Amino acid sequence: MLNTLHIATYNIHKGFSHFNRRVVLHQLRDSLRALDADIIFLQEVVGFHKGHAARFENWPCNPQYEFLADSVWSDFAYGKNAVYNEGHHGNAILSRYPIMRWANLDVSAHRFESRGLLHCEIDVPGWPERLHCICVHLGLFKRGQSQQLQVLGQHIEQLVPRQAPLVIAGDFNDWREIASRVLVERFSLIEAFESTEGRAARSYPSALPLFRLDRIYVRGFQVEKTQVHRGHPWSQTSDHAVLSARMTLR
């Protein structure tokens, strides 16, 4: 039975380099392949944008999540969060294993910040329970974050069985480090980097990370190894660093 899992989380900045100077999707796809993760949690993924498609020669014909998944991650899900005249963007999960069910939950605190939780149930071969994965992108302000964490908590209580393995990952915008007070204390989750390094990882900006914005929370796993992927080539493809974790099912 397969009992190990390698996951990664990445805010891809809508497929643009710093200051939106150039499209980096092709380089990003190559870098993600090199990670060789089983499941990837992505934030700020463009589902459609007619302006970019017309302006940039190398803009892919497919939605970004399909383009990045390609032939490596056979299953994917996309949660549309922000909708505007030109198109839309949101969260995505790419998986080597079948996604049996998925849903997107709007947790926007106000109309100026569109945020969501993308929840997938994944059938990992040989596992007695489905793996529950929730891709998170929270707001920038403390009040909105607190509300969104409460909604996330209610969602876990209602829809994730206690015995099921669970991974919650994404951009929490949590430089105040308040997320763990809810998720660790209330739901017995483990933050992957807290378990291996003693504290959440620095992930922003990617060239020289100073702020601890991104997280990987797990339940039902032993975290074996964590890594912050920064510097070249990652600093060329987003303003966030990639976080990854290797885990063993308990």
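The values are calculated or read from the model by the stated rules, or taken from the named source; none is laboratory data. Computed from a prediction, not measured in an experiment: that's the story for all the values here. When we count neighbours, we look across all protein chains shown, and the Cβ atoms used for this are built from the backbone with ideal geometry, even at glycine. When the accessible area is computed, the model is the full protein with side chains, heavy atoms only, and any ligands, DNA or RNA have been set aside. Shrake-Rupley method; radii C 1.70, N 1.55, O 1.52, S 1.80 Å.
Just for the chain, what percent of DSSP beta bridges are antiparallel, to the closest 5?
Taking every DSSP beta bridge with both residues in the chain, the antiparallel ones total about 85 percent.
Could you tell me whether the range 1-77 comes out rounded, prolate or oblate from its Cα gyration tensor? Rule is a ≥ b ≥ c as square roots of the eigenvalues, rounded for a/c under 1.5, then prolate if a/b exceeds b/c, otherwise oblate.
prolate
Once the whole set of protein chains is in place, how much accessible area is left on Leu152, using a 1.4 Å probe, in Å² to the nearest 10?
The accessible area of Leu152 comes to roughly 0 Å².
Can you show me the helix-derived [θ] at 222 nm for the chain, built from DSSP H runs with n ≥ 4 at -39,500 (n - 2.57) apiece and divided by the number of residues, rounded to the nearest 500.
That comes out to -6500 deg cm²/dmol.
Tell me, what is the 1.4 Å probe accessible area of Ser146, in Å² to the nearest 10?
Probe radius 1.4 Å; accessible area of Ser146 about 50 Å².
First obtain the Kirkwood hydrodynamic radius of the range 34-136 from its Cα pairs, then insert it into the Stokes-Einstein equation at 20 °C and 1.002 mPa s, and state the resulting D in µm² per second as a whole number.
148 µm²/s
Given the range 152-228 reduced to its alpha-carbon atoms as identical point scatterers, what log10 I(q)/I(0) does the Debye formula return at q = 0.12, 0.16, 0.19 Å⁻¹?
Relative scattering, expressed as log10 I(q)/I(0), comes to -0.33, -0.58, -0.79.
Using only the Cα atoms of the range 97-231, build the gyration tensor, take square roots of its eigenvalues as a ≥ b ≥ c, and label the shape rounded, prolate or oblate: rounded if a/c is under 1.5, else prolate if a/b is larger than b/c, else oblate.
oblate
Given the range 198-240, report the % of alpha carbon pairs whose separation exceeds 15 Å.
Summing the P(r) of the range 198-240 above 15 Å gives 46 percent of all pairs.
Please give me the summed charge of the neighbours of Asp70: other residues whose Cβ is under 11 Å from its Cβ, Lys and Arg +1, Asp and Glu -1.
Net local charge, Asp70 excluded: 0.
Can you tell me the relative contact order of the chain? Whole percent, Cα pairs under 8 Å, sequence separation 6 or more.
20 percent
In debye to the nearest 20, how big a dipole does the range 91-250 give about its Cα centre with +1 on each Lys and Arg Cβ and -1 on each Asp and Glu Cβ?
Here the range 91-250 has a charge dipole of around 140 debye.
Accessible area of Ser17, 1.4 Å probe, to the nearest 10 Å²?
Its heavy atoms expose roughly 10 Å² to the probe.
Could you work out how much longer the chain between Met100 and Asp30 gets when fully extended? Use 0.36 nm per residue separation minus the Cα distance between them, nm to one decimal.
Between Met100 and Asp30, full extension yields an extra 22.5 nm.
Hand me the trypsin sites (Lys or Arg not before Pro) from the range 19-48 located in a DSSP loop with no more than 14 other Cβ atoms within 10 Å, in residue order please.
Qualifying residues, ordered by number: Arg21, Arg22.
Could you rank the peptides 223-230, 171-178 by their average count of other C-beta atoms within 10 Å per residue, with the highest value first?
The most tightly packed comes first, giving 171-178, 223-230.
Please state the charge dipole magnitude for the range 18-71, taken about the Cα centre, from unit charges on C-beta atoms (+1 on K and R, -1 on D and E), reported in debye and rounded to the nearest 20.
Dipole magnitude for the range 18-71 comes out near 360 debye.
Can you give me the C-alpha center-to-center distance between the range 129-207 and the range 72-86, rounded to a whole angstrom?
Taking the Cα centre of the range 72-86 as reference, the centre of the range 129-207 is 21 Å away.
Can you sort Leu210, Leu105, Leu25 by 1.4 Å-probe accessible area, starting with the largest?
Leu210, Leu105, Leu25
How big, in percent, is the set of alpha carbon pairs in the range 93-167 lying more than 15 Å apart?
56 percent
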